[in-house]
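**Q** Quick one: this structure, given as structure tokens, is what I'll be asking you about.
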């Protein structure tokens, strides 16, 4: 007998295949119509037709009522753990005040750094848990969480310990990334290399306490150069970490090329990626993680060239970049709409980008992002008639129910979401 049987599925997106889906392959979406799915011991145990399901028995039966069923979504780039908020900066932006001027007034990332340094670990945990509840309600079952709002030893460790605790206590799987090299703190403005060395030394503690799986760096004008980033990421790899990079978010510095050179699992942002960089990316194993929510919120009108990346053969993923300054949203469904409107991605490409490719961008491609017999039953039931409807009807939450490891962990009733 099965533990759970989901019947009357209108469209079941399985995302079958091996490895991340690249280029032209992203245009073809594996789906089964009029399907049913069985779960046993937290894993997918059976996939078949609705007619075949009539002969099966289960302790718990869920009627999908002809609607869409997909793998749990994966958000591969967030800054989940932080204190404070920066809503007051929105009016400053509307007045045309630049980010650098906001920074000079004590705002921007330095404002979040001050708040995060001052917060206790318990305060950070409670705040992050609330955000994670909301992330789950939008259908995300695996999320990456970066540090980077400490810029000192004590606070960076505090953020990572909170992320580890959330992974142990919350239904959503939390994959931790050390982003100590997120900015140059005030006390190191004239000594950035000394700061980077301090962050390198900190990696030994993280390795010992198993606080992070990835190491990231912000390679950008006014932050860390390509050469500084190269040395930093190579040192991280020598210490046994997988690496990521904030690359070419604003200026075309060569961060995309560097990501390929060092074998980064993902290169993120890529708004300013060069044609040569995109070509190298497309012929590598590095996944492009695009963050249209950031471009949208900053209002600059410039987005990553997703079409060139996909057309040349790259694997593209999408993420919220949830953070208090440049993308304050937990809603990955809204990001899917932005990808359709501003990245000119098709619905088929978008679904690959928020499931299997996003899973590979956090080294979870072997267990998340696909519905296959034997895999963890991370599944979303949608109040949507088909896969095209979710990015089309924007601004609302289409999720009806989320299952993590075969258990219902979020369910939308009449206007509310409960999280267990």
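**Q** What residue, among those in the range 70-95 that are out of contact with any helix residue (DSSP H, G or I) (no Cβ under 7 Å at 6 or more places or on another chain) and part of a loop (DSSP other than H, G, I, E, B), is surrounded by the most Cβ atoms within 10 Å (Cβ to Cβ)?
**A** Among those that are out of contact with any helix residue (DSSP H, G or I) (no Cβ under 7 Å at 6 or more places or on another chain) and part of a loop (DSSP other than H, G, I, E, B), it is 77.
**Q** Additional query: With the requirement that a residue be more than 30 Å from residue 313 (Cα to Cα) and crowded, with 20+ Cβ neighbours inside 10 Å, what does the range 22-44 give you?
**A** 35, 36, 37, 38, 39, 44
**Q** Continuing with this model, one more query. Could you please let me know if residue 313 is at positive phi, modelled with pLDDT of 95 or more, surrounded by fewer than 24 Cβ atoms within 10 Å (Cβ to Cβ) and more than 16 Å from the chain's Cα centre (by Cα)?
**A** Answer is yes for this residue.
**Q** Looking only at the range 218-254, filter to residues that are assigned to a helix (DSSP H, G or I) and under 25 Å from residue 303 (Cβ atoms); which one of those is nearest to the chain's Cα centre (by Cα)?
**A** 229
**Q** Do we find that residue 264 is in a loop (DSSP other than H, G, I, E, B) and either touching a residue at least 40 places away in the same chain (Cβ under 8 Å) or closer than 23 Å to residue 355 by Cβ (or both) in this structure?
**A** In short, yes.
**Q** OK, next. Checking residue 127 against (1) crowded, with 16+ Cβ neighbours inside 10 Å; (2) touching a helix residue (DSSP H, G or I) at 6+ places or on another chain (Cβ under 8 Å); (3) at pLDDT 95 or above, which test does it fail?
**A** It is condition (2) that residue 127 fails.
**Q** Would you pick out the residues in the range 207-225 that are under 19 Å from residue 183 (Cβ atoms) and surrounded by 15 or more Cβ atoms within 10 Å (Cβ to Cβ)?
**A** 212, 214, 215, 216, 217, 218, 219, 220, 223, 224, 225
**Q** Of these, 365, 374, which one is part of a loop (DSSP other than H, G, I, E, B) and within 18 Å of the chain's Cα centre (by Cα)?
**A** Exactly one of 365, 374 is part of a loop (DSSP other than H, G, I, E, B) and within 18 Å of the chain's Cα centre (by Cα), namely 365.
**Q** Quick one: which of 258, 233, 298 is in contact with a strand residue (DSSP E or B) (Cβ under 6 Å, 6 or more places away or on another chain) and more than 18 Å from residue 353 (Cα to Cα)?
**A** Selected residue: 233, the only one of 258, 233, 298 that is in contact with a strand residue (DSSP E or B) (Cβ under 6 Å, 6 or more places away or on another chain) and more than 18 Å from residue 353 (Cα to Cα).
**Q** Now a separate question. Which of the residues that make up the range 145-154 are under 20 Å from residue 191 (Cβ atoms) and part of a loop (DSSP other than H, G, I, E, B)?
**A** Correct list: 148, 150, 151, 152.
**Q** Would you be able to say whether some residue in the range 268-276 is without any contact (Cβ under 8 Å) to a residue 60 or more places away in the chain, under 25 Å from residue 207 (Cβ atoms), out of contact with any strand residue (DSSP E or B) (no Cβ under 6 Å at 6 or more places or on another chain) and part of a loop (DSSP other than H, G, I, E, B)?
**A** no
**Q** What is the residue count in the range 7-53 for residues that are in contact with a helix residue (DSSP H, G or I) (Cβ under 7 Å, 6 or more places away or on another chain) and part of a strand (DSSP E or B)?
**A** Result for the range 7-53: 6.
Quick grid of which residues meet (1) in a helix (DSSP H, G or I); (2) farther than 30 Å from residue 407 by Cα:
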position	(1), (2)
123	yes, no
133	yes, no
142	no, no
156	yes, yes
162	yes, no
168	yes, no
175	no, no
197	yes, yes
202	yes, yes
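**Q** A follow-up question, please. Among the residues of the range 152-201, how many are modelled with pLDDT under 95 and in contact with a strand residue (DSSP E or B) (Cβ under 7 Å, 6 or more places away or on another chain)?
**A** Selection size over the range 152-201: 1.
**Q** While we're here: Examine the range 287-298 for a residue that is outside any helix (DSSP H, G or I), farther than 23 Å from residue 149 by Cβ and either in contact (Cβ under 8 Å) with a residue 60 or more places away in the chain or in contact with a helix residue (DSSP H, G or I) (Cβ under 6 Å, 6 or more places away or on another chain) (or both), and state whether such a residue exists.
**A** Yes, the range 287-298 contains at least one residue that is outside any helix (DSSP H, G or I), farther than 23 Å from residue 149 by Cβ and either in contact (Cβ under 8 Å) with a residue 60 or more places away in the chain or in contact with a helix residue (DSSP H, G or I) (Cβ under 6 Å, 6 or more places away or on another chain) (or both).
**Q** Could you please give the count of residues in the range 307-326 that are under 18 Å from residue 276 (Cβ atoms) and free of Cβ contacts under 8 Å to residues at least 60 places away in the same chain?
**A** 3
**Q** Check 175, 153 and return the single one that is more than 18 Å from residue 222 (Cα to Cα) and under 15 Å from the mean Cα position of the chain (by Cα).
**A** Result of the check over 175, 153: 175.
**Q** Next question, about the same structure. Would you confirm, using the coordinates I've provided, whether residue 56 is touching a residue at least 12 places away in the same chain (Cβ under 8 Å), closer than 19 Å to residue 360 by Cβ and outside any strand (DSSP E or B)?
**A** No: the conditions fail for residue 56.
**Q** Mind checking which residues of the range 96-121 are at pLDDT below 90, surrounded by 15 or more Cβ atoms within 10 Å (Cβ to Cβ) and part of a helix (DSSP H, G or I)?
**A** Within the range 96-121, 99, 102, 103, 109, 110 meet the criteria.
The values are calculated or read from the model by the stated rules, or taken from the named source; none is laboratory data. These figures come from a predicted structure and were not determined experimentally. Note that each Cβ is placed from the backbone with ideal geometry, even for glycine, and that neighbours are counted across all protein chains shown.
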